[in-house]
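Here is the structure we will look at, set down as structure tokens.
The values are calculated or read from the model by the stated rules, or taken from the named source; none is laboratory data. Because the structure is predicted, anything quoted here is derived from the model rather than measured. Note: ideal-geometry Cβ built from the backbone for every residue, glycine included; neighbour counts use all protein chains shown. Heavy atoms of the whole protein, side chains included, go into the accessibility calculation; ligands, DNA and RNA do not. Shrake-Rupley method; radii C 1.70, N 1.55, O 1.52, S 1.80 Å.
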2 protein chains.
Amino acid sequence: MPRSLLVIGTGLVGTSVALAARRAGVTVFLADRDVTAARVAESLGAGLAETPRSPVDLAVLAVPPAQVGPALRDAQLRCAADSYTDVAGVKGEPERDVLRLAPDPVAYVGGHPMAGRERSGPLAATADLFTGKTWVLSPSARTGAPALRAATALVELCGAVPVRLSSGSHDAMVAVTSHVPHLMASLTAARLGEAPAGTETLVGQGFRDVTRIAAGDPELWADIVRSNAPAVAAVLRDVGRDLLRLSAAVDTLAEPGTDGHDRAVRTVTEVLARGVAGAGRTRQDGAAGRLRVVLGREPGALGRLLRAAAPHGVVAERADPVGPGDHELVVHLRLPAAASGAALAELRAAGWNAGHAELTSLGPTT
Amino acid sequence: MPRSLLVIGTGLVGTSVALAARRAGVTVFLADRDVTAARVAESLGAGLAETPRSPVDLAVLAVPPAQVGPALRDAQLRCAADSYTDVAGVKGEPERDVLRLAPDPVAYVGGHPMAGRERSGPLAATADLFTGKTWVLSPSARTGAPALRAATALVELCGAVPVRLSSGSHDAMVAVTSHVPHLMASLTAARLGEAPAGTETLVGQGFRDVTRIAAGDPELWADIVRSNAPAVAAVLRDVGRDLLRLSAAVDTLAEPGTDGHDRAVRTVTEVLARGVAGAGRTRQDGAAGRLRVVLGREPGALGRLLRAAAPHGVVAERADPVGPGDHELVVHLRLPAAASGAALAELRAAGWNAGHAELTSLGPTT
């Protein structure tokens, strides 16, 4: 674990790193071109807004992608730290700049914590920002073992999960998982911005979820898009192709009496189904248990079962009538892996294995 | 309040309406073409899967948009209820079908509760689904006062807020707030579906939020898009125009050494800024109080203040150094309207008005 840290750039991410390090007892120094930001971070308890007198163990460059290379060069010229990492959302451009500009690229490893908030600046910072989140580390061909060790220790100190990826793989992936989703959220939100007064009264949770990240700082995000332009452009081309097909299909459906309505509905359904498949790849279910419960025909029986099971995170997946005259109902429950045993015990204790219900564990699934 | 209710279609919304009505003591009958769905709803305690012997006060047609007209005709031909409403996410097509097909359009008023979940079917139903949500009622030129009264009573019984809108206004608005956002979520999620293995490891909360609704039933949503095609097509055209500009700008940025990088960055920034403006229209802040706190230069002072204030929903909006040598820090806090007084009292009690801090209420803002 680093004993001393210098955070250069006390925005949301830099200040959150500093707060997490302070919590772990690390000595933290804070620097920002904007003196107010460093003062605010200091007042938040993120460290001291002072220049360290001797090199710190690790310096974190929490600056926009285009500034990582110049900031590393400046810091290395004044021997600010033994090792260096950054937190920019793009890894290729900083890596190229570092290899070109920095006196000692061996002491640097690129990093990107996959965590953020709609609010930016030090006032939005929190020591918990990275807990349980993925934090990519992208060693270049020059990165040395000490820098990688120091950065990995910082990631673990922040409660995040280090994942090693080349800068190229990282950038192609985040174009799909972060940059283009941000642009799609912005395009969606812009429609509301230009809709007639009152339209916002029909906004529900769905719209809020889709557009939440669109509230992010436009200049910061424009710089992220610029610095990852080749990968973002490729994904936008794919989106544009799908949108064109979809839009043509909906145009057909908008014309009464046009031929091809059935085909247009199939096109819309197909685009939606591909969305379902993509959304399915984000699930974090992990292994879970399943239970089969047989209920008699008694109004409310399933309601009572689910009320007993809900505190354990149990979800009913399917129910089918069985037996003579479809008299019984077989219900398939899904139990979260962590609480499977407890949920089962509690349901048995509540009488669900006796008389009017039967619980059968089908064992864990993956 | 209706004393008896018939729910036709025991999916997520129909079963949730039935559960809310049962909770309020209403007699509820359940019907569904899919006998299993009605049996499951009955077992959940949503009512009886039986045909009522005499007309109920209100029948709720919880069927897809294209089936509202035919279902109303069938129900009225067998005198199922005194009044009728539906819950379809589109209001123009059902209204036109009802005026064309139903024996008694006077007894019908269109309705649309702005609530949903990613999971569908009766097993996902909950009596709380509509609590605090907007529920649009769209009387046609023929709708009579008793039907509107009965539907309004149902909305209130479900804990929702009735909002009256013409079917045309409703459909134009939900194209912006619901249907196109769903399609955008699907287009975004589809990119992950077709990305290289491992890309999902970089999925964060942002991607999950943007794509959550993309998990919805593709056939149901294709039918919603079909039935609101003219309004959806118009919004998709606007999205397509923005996407084309954005995509061209990112293509320019992807080419090294191309002229026009500055202009392309401005285009990207402008699209993002319009997204920020649109997302801003969804805020539900209400009136709130503001507080100004002056802190001396003492590392961690602001951190202690925010930890004391956070339980009251207080957010720090801005901080500026002031005084000789920027010695003091003026922090602007935003208090939620509901808890303004309590937060202020608690902060004063914690000593924040004495000695090292000064609290000044600037009065409520709108």
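Within the range A:27-58, being in contact with a helix residue (DSSP H, G or I) (Cβ under 7 Å, 6 or more places away or on another chain), in a loop (DSSP other than H, G, I, E, B) and either among the basic types (Lys, Arg) or closer than 21 Å to A:Arg78 by Cβ (or both) holds for A:Asp32, A:Gly47, A:Ala49.
Which ones in the range B:148-166 are over 18 Å from the mean Cα position of the chain (by Cα) and surrounded by fewer than 22 Cβ atoms within 10 Å (Cβ to Cβ)? Spell out how you get there, then give the answer.
Residues of the range B:148-166 that are over 18 Å from the mean Cα position of the chain (by Cα), as a first pass: B:148-154, B:157, B:166.
Those that are over 18 Å from the mean Cα position of the chain (by Cα) and surrounded by fewer than 22 Cβ atoms within 10 Å (Cβ to Cβ): B:Leu148, B:Arg149, B:Thr152, B:Ala153, B:Leu157, B:Ser166.
Given the criteria modelled with pLDDT of 95 or more, within 7 Å of another protein chain (Cβ to nearest Cβ), open to solvent by 10 Å² or more (accessible area, probe 1.4 Å) and assigned to a helix (DSSP H, G or I), does B:Arg266 qualify? Answer is no for this residue.
In this structure, does B:Arg23 turn out to be under 25 Å from the mean Cα position of the chain (by Cα), of a type outside the set (Ser, Thr, Tyr), open to solvent by 20 Å² or more (accessible area, probe 1.4 Å) and over 28 Å from B:Arg226 (Cα atoms)?
yes
Close Cβ contacts (under 6 Å, 6 or more residues apart or on different chains) running from residues in the range B:123-146 that are open to solvent by less than 20 Å² (accessible area, probe 1.4 Å) to residues that are at pLDDT below 95 and in a loop (DSSP other than H, G, I, E, B) comprise B:Ala124/B:Arg117; B:Leu129/B:Ala115; B:Phe130/B:Ala115. Look at A:Gly116 and say whether it is within 14 Å of chain B (Cβ to nearest Cβ), among the small types (Gly, Ala, Ser) and in contact (Cβ under 8 Å) with a residue 40 or more places away in the chain. Against the criterion (within 14 Å of chain B (Cβ to nearest Cβ), among the small types (Gly, Ala, Ser) and in contact (Cβ under 8 Å) with a residue 40 or more places away in the chain), A:Gly116 qualifies. A count restricted to the range B:68-85 and to residues that are in contact with a strand residue (DSSP E or B) (Cβ under 9 Å, 6 or more places away or on another chain) and not in a helix (DSSP H, G or I) stands at 6.
Kindly indicate whether any position in the range B:100-118 is more than 21 Å from B:Ile213 (Cα to Cα), open to solvent by 20 Å² or more (accessible area, probe 1.4 Å) and in contact with a strand residue (DSSP E or B) (Cβ under 9 Å, 6 or more places away or on another chain). Yes, the conditions are met somewhere in the range B:100-118.
Tell me, please, whether a residue that is in contact (Cβ under 8 Å) with a residue 12 or more places away in the chain, buried (at least 24 other Cβ atoms within 10 Å of the Cβ) and out of contact with any Ser or Thr (no Cβ under 8 Å at 6 or more places or on another chain) can be found in the range A:50-67. No: zero hits.
Scan the range A:33-42 and tell me whether some residue there is among the polar types (S, T, N, Q) and either away from chain B (no Cβ under 14 Å) or open to solvent by less than 30 Å² (accessible area, probe 1.4 Å) (or both). Outline the logic, then answer.
Step one: filter the range A:33-42 for residues among the polar types (S, T, N, Q), giving A:36.
Add one more test, that the residue is either away from chain B (no Cβ under 14 Å) or open to solvent by less than 30 Å² (accessible area, probe 1.4 Å) (or both), and what stays is none.
Within the range A:33-42, none of the residues are among the polar types (S, T, N, Q) and either away from chain B (no Cβ under 14 Å) or open to solvent by less than 30 Å² (accessible area, probe 1.4 Å) (or both).
Could you say whether any residue in the range A:169-176 is within 24 Å of B:Leu192 (Cβ to Cβ) and touching a strand residue (DSSP E or B) at 6+ places or on another chain (Cβ under 7 Å)?
Narrowing the range A:169-176 to residues within 24 Å of B:Leu192 (Cβ to Cβ): A:169-176.
After this cut, where a residue has to be touching a strand residue (DSSP E or B) at 6+ places or on another chain (Cβ under 7 Å) as well, the list is A:170.
Yes, the range A:169-176 contains a residue that is within 24 Å of B:Leu192 (Cβ to Cβ) and touching a strand residue (DSSP E or B) at 6+ places or on another chain (Cβ under 7 Å).
Scanning the range B:29-82 for residues that are more than 27 Å from the chain's Cα centre (by Cα), closer than 26 Å to B:Asp97 by Cβ and charged (D, E, K, R) yields B:Arg33, B:Asp34, B:Asp57, B:Arg73, B:Asp74, B:Arg78, B:Asp82. Against the definition (surrounded by fewer than 20 Cβ atoms within 10 Å (Cβ to Cβ), more than 7 Å from chain B (Cβ to nearest Cβ) and out of contact with any strand residue (DSSP E or B) (no Cβ under 9 Å at 6 or more places or on another chain)), how does A:Asp238 come out, yes or no? Taking the combined requirement at face value, the residue does not satisfy it. For the range B:275-301, the tally of residues that are facing chain A (nearest Cβ under 8 Å) and either without any contact (Cβ under 8 Å) to a residue 24 or more places away in the chain or in contact with a strand residue (DSSP E or B) (Cβ under 6 Å, 6 or more places away or on another chain) (or both) stands at 12. Consider the range A:203-229 and keep the residues that are within 28 Å of B:His179 (Cβ to Cβ) and more than 7 Å from every other protein chain (Cβ to nearest Cβ). The one that is least open to solvent (accessible area, probe 1.4 Å) is A:Gly216.
When the range B:191-240 is filtered for residues that are farther than 30 Å from A:Asp171 by Cβ and of a type in the set (Val, Ile, Thr), the ones remaining, listed by number, are B:Ile224, B:Val225, B:Val232, B:Val235.
Go through the range A:59-72 and count every residue that is within 14 Å of A:Gly11 (Cβ to Cβ) and in contact with a helix residue (DSSP H, G or I) (Cβ under 8 Å, 6 or more places away or on another chain). I'd like the intermediate steps shown before the answer.
Just the residues of the range A:59-72 that are within 14 Å of A:Gly11 (Cβ to Cβ), to begin with: A:60-65, A:67-68, A:71.
Then keep just the ones that are in contact with a helix residue (DSSP H, G or I) (Cβ under 8 Å, 6 or more places away or on another chain); that gives A:60-65, A:68.
Residues flagged as within 14 Å of A:Gly11 (Cβ to Cβ) and in contact with a helix residue (DSSP H, G or I) (Cβ under 8 Å, 6 or more places away or on another chain) within the range A:59-72 amount to 7.
Please go through the range A:306-315 and pick out each residue that is open to solvent by less than 20 Å² (accessible area, probe 1.4 Å) and either part of a loop (DSSP other than H, G, I, E, B) or at pLDDT 85 or above (or both).
Answer for the range A:306-315, where residues must be open to solvent by less than 20 Å² (accessible area, probe 1.4 Å) and either part of a loop (DSSP other than H, G, I, E, B) or at pLDDT 85 or above (or both): just A:Val314.
Of all residues in the range B:167-177, those satisfying the criterion of being in contact (Cβ under 8 Å) with a residue 40 or more places away in the chain and open to solvent by 30 Å² or more (accessible area, probe 1.4 Å) are B:Gly168, B:Ala172. For the range A:272-292, the condition of being in contact with a helix residue (DSSP H, G or I) (Cβ under 6 Å, 6 or more places away or on another chain), part of a strand (DSSP E or B) and modelled with pLDDT of 70 or more holds for at least one residue. Scanning the range B:100-155 for residues that are part of a helix (DSSP H, G or I) and either basic (Lys, Arg) or on the phi > 0 side of the Ramachandran plot (or both) turns up B:Arg100, B:Arg149.
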